[in-house]
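Novice: Let me give you the structure first, and then I'll get to my questions.
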Amino acid sequence: NLNNDVFKELMYASLFRAKVCEISSRLNYKKNYSEYFLVGLFSLIDSLLKRPINVIVEQLPLSEDILETISGSQTEMTPYLQFGAALSKLDWENIIPLANQLNIPIEGILPMYEEVKVWVYETLNMK
């Protein structure tokens with residue numbers, strides 16, 4: 001079923017972004033790393049629910065930083081979300097500058113990718 005496949009892909013991408021945001025924020029000693037996780041998790045909620053993001057954010061009890069970030073505003077969390085999105089697609093053109101901006105060592109990128117991929121597959125119970 002095409003709809004089911006699209007839903008699974010969106011869930012995979014959301015969880016992937018969430019875990020990357022969490023890990024990369026921890027690497028930068030962010031105490032609110034769980035909020036970074038939520039930014040990634042909710043970053044595709046409009047596609048998952050097939051509703052406009054501005055309607056959805058009015059109903060979510062999340063911090064202003066999270067809501068602004070997932071709505072597309074530039075926040076302190078934005079580069080983490082951009083890094084998660086780029087890494088999920090192995091978009092090296094954007095991964096490298098974002099990794100540098102976030103002080104993530106280049107040699108740590110592929111191990112992070114593998115770790116996150118395994119975590120998402122286990123979380124979604126995929127093989």
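Novice: Just the residues that are in a helix (DSSP H, G or I), aromatic (Phe, Trp, Tyr) and out of contact with any Phe, Trp or Tyr (no Cβ under 9 Å at 6 or more places or on another chain), please, taken from region 14-38. Break it down stepwise before answering.
Specialist: In the first step, residues of region 14-38 are kept if they are in a helix (DSSP H, G or I); the result is 14-27, 33-38.
Of the ones still in play, those that are also aromatic (Phe, Trp, Tyr) are 16, 33, 36-37.
Across region 14-38, the qualifying residues are Tyr33, Phe37.
Novice: Of all residues being small (Gly, Ala, Ser) and at pLDDT 95 or above in region 30-61, which is most open to solvent (accessible area, probe 1.4 Å)? Just the residue, please. Break it down stepwise before answering.
Specialist: Just the residues of region 30-61 that are small (Gly, Ala, Ser), to begin with: 34, 40, 43, 47.
Those still in the list that are at pLDDT 95 or above too: 34, 40, 43.
Working: Ser34: 70, Gly40: 0, Ser43: 16 Å².
Looking at residues that are small (Gly, Ala, Ser) and at pLDDT 95 or above, I get Ser34.
Novice: Being over 23 Å from Gly72 (Cβ atoms), open to solvent by 70 Å² or more (accessible area, probe 1.4 Å), charged (D, E, K, R) and in contact with a helix residue (DSSP H, G or I) (Cβ under 9 Å, 6 or more places away or on another chain), is that true of even one residue in region 85-96?
Specialist: no
The values are calculated or read from the model by the stated rules, or taken from the named source; none is laboratory data. Treat the numbers as computed from the prediction; the structure is a model and nothing was measured. We place every Cβ from the backbone using ideal geometry, glycine too, and count neighbours over all the protein chains shown. For accessibility, only protein heavy atoms count, side chains too; no ligands or nucleic acids. Shrake-Rupley method; radii C 1.70, N 1.55, O 1.52, S 1.80 Å.
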